[in-house]
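Novice: Quick one: the structure is below, and I'll ask about it shortly.
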Amino acid sequence: MTRDRETEAHLLVTGWAVLRFWDHEDMDSAAQIVGQLLRNPEY
């Protein structure tokens, strides 16, 4: 968990958006969220 937090902090500082999806989540729904974010970065 510590490594995940450090990695996330590094990505955020360098301008990346960090999204987490778990393997038990609906991937179609996850893809819709990613698509919405790409279309509207303030989403």
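Novice: For segment 3-15, check the following and say yes or no: at least one residue is surrounded by 10 or more Cβ atoms within 10 Å (Cβ to Cβ) and in contact with an Asp or Glu (Cβ under 9 Å, 6 or more places away or on another chain).
Specialist: No - not one qualifying residue is present in segment 3-15.
Novice: I'm told GLU25 meets every condition in (1) in a loop (DSSP other than H, G, I, E, B); (2) surrounded by fewer than 11 Cβ atoms within 10 Å (Cβ to Cβ); (3) modelled with pLDDT of 95 or more except one. Can you identify the failing condition by its number?
Specialist: (2)
Novice: I've got another one for you. Does ALA31 meet the test of being part of a helix (DSSP H, G or I), within 14 Å of the chain's Cα centre (by Cα) and free of Cβ contacts under 8 Å to residues at least 40 places away in the same chain?
Specialist: Here the answer is yes, as ALA31 does meet what is asked.
Novice: Of the conditions (1) in a helix (DSSP H, G or I); (2) at pLDDT below 95, ALA9 fails just one. Which one is it?
Specialist: Here ALA9 clears every test but (2).
The values are calculated or read from the model by the stated rules, or taken from the named source; none is laboratory data. Every value quoted in this text rests on a predicted model; they were computed, and no experiment measured them. Every residue, glycine among them, receives a Cβ derived from its backbone with ideal geometry; neighbour counts consider all protein chains shown.
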